[in-house]
Every structure is written in C-alpha cells, then in structure tokens.
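The values are calculated or read from the model by the stated rules, or taken from the named source; none is laboratory data. In this text, all values refer to a predicted model and were calculated from it rather than measured experimentally. Cβ placement follows ideal geometry from the backbone for every residue including glycine, while neighbour counts extend to all protein chains displayed. Areas reflect the complete protein model, heavy atoms only, side chains present, ligands, DNA and RNA absent. Shrake-Rupley method; radii C 1.70, N 1.55, O 1.52, S 1.80 Å.
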Amino acid sequence: MVHFKKFDNGLRLIVKQMPGLMSVTMGIIVHTGASIETDGEDGISHFIEHMMFKGTQKRSAFRISDDMDAIGAQMNAYTSKDLTCYYAKSTTGHAGEAFEILSDLFLNSTFPEAEIAREKGVILEEINMNDDTPDDLCLDLLSKAFYGERGYGRNILGPRKNVSSFTRQDIKKYMSRRYTPENIVISMAGNIEPKYAEELVDRYFSKMRTVPTDKVDVQVEYPAKSLFRKKDIEQIHVGYAFPSVKRYDALFDATQILNSILGGSMSSRLFKKVREELGLAYTVYSYLSAYEETGSLVVYSGVNSSNYHNSVDAVLGCIDDVKSKNISKEEFMRGKEQLISSLIFAQESTSSQMLLYGKELVYSGKVYDFEERINKITGVTLDDVMAATECNFGCDKLAVSVVGNVDEPLKI
C-alpha cells in the first residue's frame with residue numbers, strides 16, 4: 001500500500017506500507033545538492049548536512065546520538081549532486097520517538113560557532129581522505145572533465161578554501177532559500193500506519209512557513225577534457241565518461257540494459273574480457289548516471305601500471321564492439337532480467353523503498369508505480385537497446401580521467 005499526502009505548507013509525504021516487517025525507515029529529502037551551488041557556496045550542502053547533527057535547542061550533539069541508541073535506532077545522512085537526505089531506521093514500536101529526534105535535528109539545529117569551527121576540521125580530513133582514495137579521486141576528476149567546474153562537475157565536499165570560510169550566516173542564508181516545505185519530501189517505508197505517519201509529520205512540520213524556493217537551473221557544459229592527477233601509487237585508475245540519456249528519457253531503460261551488457265555485472269563484456277580473459281584489472285565496471293538535464297555512461301578500471309595501455313585498448317575494444325551493435329539476444333535478455341530482479345530485491349528493503357519513493361516524488365512530482373515500472377522494462381526490445389547505442393557513445397564529448405604514477409593525460 002502506498003499513501004501520498006500534500007500538506008497546506010507545500011511539504012509532501014509518501015508512505016510505502018510494508019505490514020510484514022517489524023521496522024520502518026523514515027527519510028527527510030531536500031531537493032538540493034552540489035549541482036545548484038554557486039562558486040562561493042561550493043560544498044555548503046554537504047557542510048550543512050554535517051552541521052545538522054551538532055546540536056538543537058534541546059539536545060547536544062552527544063545527546064542526539066545517545067537518544068537514538070537508547071531506542072536501538074540508526075540515523076545518518078548523505079549529500080549528492082542534487083539531493084540531501086536525512087534518515088532514521090527504527091523498530092516499528094519506536095518509530096514515533098525516532099521521527100521526533102530526526103525532526104528535531106532537521107528543524108531545530110542551532111549551529112553553534114564552536115561546532116562549526118570543529119566540523120571544518122572534520123570535513124577537511126574527509127577531503128584529505130578522498131584525495132587518498134584514488135578510485136574516488138578518479139571519478140571526481142572525471143566529473144570535472146565531463147561537466148566542467150560547475151553544476152554536476154562540482155565535488156560534493158567542496159574546496160578547502162570554502163569549507164574553511166563557511167559561517168553560521170552562510171548556513172542560514174542557504175537554508176532559507178533551499179530548505180523550504182515545497183522543496184522537501186518526507187518518505188517512510190516499512191511497518192507503519194499511513195495515518196500515524198501523517199500525524200507525526202503534521203505534529204512536527206506543520207509550523208514550517210510557506211516560502212518561495214530558490215529556483216536554480218543547472219548549467220550543463222561538456223568540455224570533453226582528459227585530466228590526470230599524478231600520485232605515487234601502485235595502480236593506475238582510469239575513468240571514461242560518454243554522454244548519455246536524461247533521467248526520464250524514452251531510452252533510459254534500454255540504456256540501463258545496455259550498461260548491464262557492457263559492464264554492469266559479472267557476466268558483462270568488460271568483466272569477462274578485461275578481468276577474466278586478459279587479467280588486466282581487478283576492478284572494471286560501468287554505470288549510468290542520469291540527471292534531469294543530462295546523463296553520462298561511465299566506465300572505470302583500476303589496473304597495474306604495466307597493464308595501463310593494454311587495459312585502455314581492451315576497454316575501448318569492448319565499447320567499440322557494443323557500439324557496433326554486436327549484441328546477442330541472450331545478452332539482452334540477461335540484462336533485462338538483472339534490471340527487473342534488482343527492482344524486486346529492492347522491494348524487500350525499507351531503506352531502498354524509502355529512497356525509491358522519495359526520490360521519484362522529488363524528481364517527477366509523481367508517486368512511484370512499481371507495476372508500471374516493471375511493465376516498461378518488460379516492454380523494452382532488443383531494437384531499443386540497439387537504438388540506445390547510438391546516443392551513448394558520442395566520442396565528440398568523451399571525457400577521460402587518470403590517477404596514478406603518470407606524467408600526462410590519456411590521449412584517445
């Protein structure tokens with residue numbers, strides 16, 4: 001059972017009731033993230049996510065975690081290019097208490113100056129950790145190579161200079177424009193009564209004032225660069241980004257199947273050829289990254305330096321083979337079944353369902369329809385996947401990133 005409610009102030013609630021379970025996951029999703037930030041704000045969405053846990057009018061940072069632990073609940077948050085999500089998972093019997101704590105930190109955080117100063121150091125260490133994680137660094141560099149310095153090319157963590165300079169006033173100013181009721185979806189999935197969920201949201205969120213949301217159009221550019229970062233490490237990490245479909249493109253499902261065939265599974269072309277047959281990489285895969293305005297099909301590989309150029313040839317060979325529409329019916333059916341099964345498996349997870357229904361409402365304004373989604377995937381044909389190859393491998397906008405003991409960018 002799925003229940004939807006829009007409150008008078010513009011805030012929306014979606015509840016996926018799952019009666020056979022004994023838990024519930026509750027999320028507060030804000031339609032804001034790195035892609036809509038200005039140069040001066042770069043990194044502030046993530047900074048605010050951290051600061052929300054640093055104390056409210058009635059709870060210290062330690063008490064927030066203590067109160068959650070006392071009821072055996074879990075709480076966390078994350079920031080992406082276009083979303084910020086705060087969520088808690090609890091047993092059904094403690095859902096009300098968990099949601100009260102989650103609501104308290106979301107609505108009543110005070111952002112103490114001492115905590116702001118302390119958290120800057122924490123995030124700077126997170127940036128250092130990211131720089132020391134070459135696969136993450138490679139994919140961040142790839143976003144910049146594909147999208148440029150702004151929009152979807154921004155690193156979620158932001159630059160050190162910005163993080164060091166953020167103030168309480170900056171936080172308040174940004175939140176006044178983006179943390180507005182019409183820009184927020186509350187999503188719950190699990191064993192919770194929709195009427196009780198409504199009561200909880202009304203109890204804590206009804207006093208949020210209706211204010212206009214700062215509308216930002218994400219500017220999309222395709223510099224099509226080849227970037228590199230020299231690091232004295234054993235492996236060389238290589239990323240490739242091709243222009244792909246938007247989130248709701250007619251060929252979105254066909255492209256997901258195409259991705260499964262190329263590098264989305266252990267039976268994919270990349271895994272079989274580059275890893276199993278040639279032994280050139282331990283990790284090689286592809287994935288589709290789709291947004292409202294654009295999308296990219298990304299391939300990543302981590303290889304020994306001695307295999308660097310051979311692995312590039314092998315990866316590009318797999319791509320060229322798929323690009324030439326050399327796709328069998330068996331591969332197509334396998335990719336389709338993998339896509340369908342992943343959606344079915346997600347039906348058994350309250351966390352997955354909370355995000356699935358919440359994101360759909362944020363992105364499209366519609367209630368996610370599982371049956372309709374399955375029917376659309378079932379209706380995809382091999383011809384659709386062939387057509388998808390024509391809009392997914394445009395080399396005129398190909399971007400490449402390399403991290404490792406190299407002295408120049410990769411030339412393709």
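One table, with the values for the structure above:
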| item | result |
| --- | --- |
| Residue in region 60-79 that is part of a strand (DSSP E or B) and of a type in the set (Phe, Trp, Tyr) present | yes |
| Check on Gly404, touching a strand residue (DSSP E or B) at 6+ places or on another chain (Cβ under 8 Å) and among the small types (Gly, Ala, Ser) | yes |
| Filter result for Lys144 (free of Cβ contacts under 8 Å to residues at least 40 places away in the same chain and either part of a helix (DSSP H, G or I) or on the phi > 0 side of the Ramachandran plot (or both)) | no |
| So Ile412, is it among the β-branched types (Val, Ile, Thr), part of a loop (DSSP other than H, G, I, E, B) and either at pLDDT 95 or above or within 19 Å of Leu316 (Cβ to Cβ) (or both) | yes |
| Top-ranked residue in region 339-377 [being of a type in the set (Asp, Glu) and farther than 20 Å from Ser80 by Cα; ranked as surrounded by the fewest Cβ atoms within 10 Å (Cβ to Cβ)] | Glu371 |
| Test result for Ser260, small (Gly, Ala, Ser), open to solvent by less than 30 Å² (accessible area, probe 1.4 Å) and free of Cβ contacts under 8 Å to residues at least 60 places away in the same chain | no |
| Test set (1) open to solvent by less than 20 Å² (accessible area, probe 1.4 Å); (2) in a helix (DSSP H, G or I) - Met129 fails condition number | (1) |
| Scan of region 268-281 for residues that are open to solvent by 30 Å² or more (accessible area, probe 1.4 Å) and polar (S, T, N, Q), ordered by number | none |
| Long-range neighbours under 6 Å by Cβ, at least six apart or interchain, first residue touching a residue at least 60 places away in the same chain (Cβ under 8 Å) and over 14 Å from Ala145 (Cβ atoms) within region 287-301, second part of a strand (DSSP E or B) and of a type in the set (Gly, Ala, Ser) | Ser301/Ala281 |
| Among the candidates Asp232, Asp313, residue that is of a type in the set (Asp, Glu), free of Cβ contacts under 8 Å to residues at least 24 places away in the same chain and surrounded by fewer than 18 Cβ atoms within 10 Å (Cβ to Cβ) | Asp313 |
| Selection count, region 74-100, where residues are of a type outside the set (Lys, Arg) and open to solvent by 10 Å² or more (accessible area, probe 1.4 Å) | 16 |
| Given (1) in contact (Cβ under 8 Å) with a residue 40 or more places away in the chain; (2) surrounded by fewer than 21 Cβ atoms within 10 Å (Cβ to Cβ), number of the condition Gly43 does not satisfy | (2) |
| Condition check for Gly151: modelled with pLDDT of 95 or more, small (Gly, Ala, Ser), open to solvent by less than 10 Å² (accessible area, probe 1.4 Å) and under 19 Å from the mean Cα position of the chain (by Cα) | yes |
| When residues of region 160-173 are limited to those that are out of contact with any Asp or Glu (no Cβ under 6 Å at 6 or more places or on another chain) and touching a residue at least 60 places away in the same chain (Cβ under 8 Å), the one nearest to Ala399 (Cα to Cα) | Val163 |
| In region 254-290, the residues that are in a strand (DSSP E or B) and of a type in the set (Val, Ile, Thr) | Thr283, Val284 |
| Members of region 156-182 found to be assigned to a loop (DSSP other than H, G, I, E, B) and buried (at least 19 other Cβ atoms within 10 Å of the Cβ), listed by number | Ile156, Leu157, Gly158, Phe166, Tyr179, Thr180 |
| Test: residue in region 95-111 that is over 18 Å from Ser35 (Cα atoms), more than 21 Å from the chain's Cα centre (by Cα) and of a type in the set (Val, Ile, Thr) | yes |
| Residues being in a loop (DSSP other than H, G, I, E, B) and either within 21 Å of the chain's Cα centre (by Cα) or crowded, with 24+ Cβ neighbours inside 10 Å (or both) - total across region 6-38 | 5 |
| Condition broken by Lys120, with the remaining ones in (1) charged (D, E, K, R); (2) under 21 Å from the mean Cα position of the chain (by Cα); (3) within 19 Å of Asp42 (Cβ to Cβ); (4) surrounded by fewer than 19 Cβ atoms within 10 Å (Cβ to Cβ) satisfied | (2) |
| From Val403, Val385, Val380, residue being assigned to a loop (DSSP other than H, G, I, E, B), touching a helix residue (DSSP H, G or I) at 6+ places or on another chain (Cβ under 9 Å), crowded, with 18+ Cβ neighbours inside 10 Å and not charged (D, E, K, R) | Val380 |
| Candidate set from region 235-253 (those that are part of a loop (DSSP other than H, G, I, E, B), touching a residue at least 40 places away in the same chain (Cβ under 8 Å) and of a type in the set (A, V, I, L, M, F, W, C)); member that is least open to solvent (accessible area, probe 1.4 Å) | Val245 |
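Table: residues versus (1) farther than 27 Å from Asn130 by Cβ; (2) at pLDDT below 95; (3) among the small types (Gly, Ala, Ser); (4) touching a Ser or Thr at 6+ places or on another chain (Cβ under 7 Å).
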{"position": "Val220", "(1), (2), (3), (4)": "no, yes, no, yes"}
{"position": "Ser226", "(1), (2), (3), (4)": "no, no, yes, no"}
{"position": "Lys231", "(1), (2), (3), (4)": "no, no, no, no"}
{"position": "Arg247", "(1), (2), (3), (4)": "no, no, no, no"}
{"position": "Ala250", "(1), (2), (3), (4)": "yes, no, yes, no"}
{"position": "Asp253", "(1), (2), (3), (4)": "yes, no, no, no"}
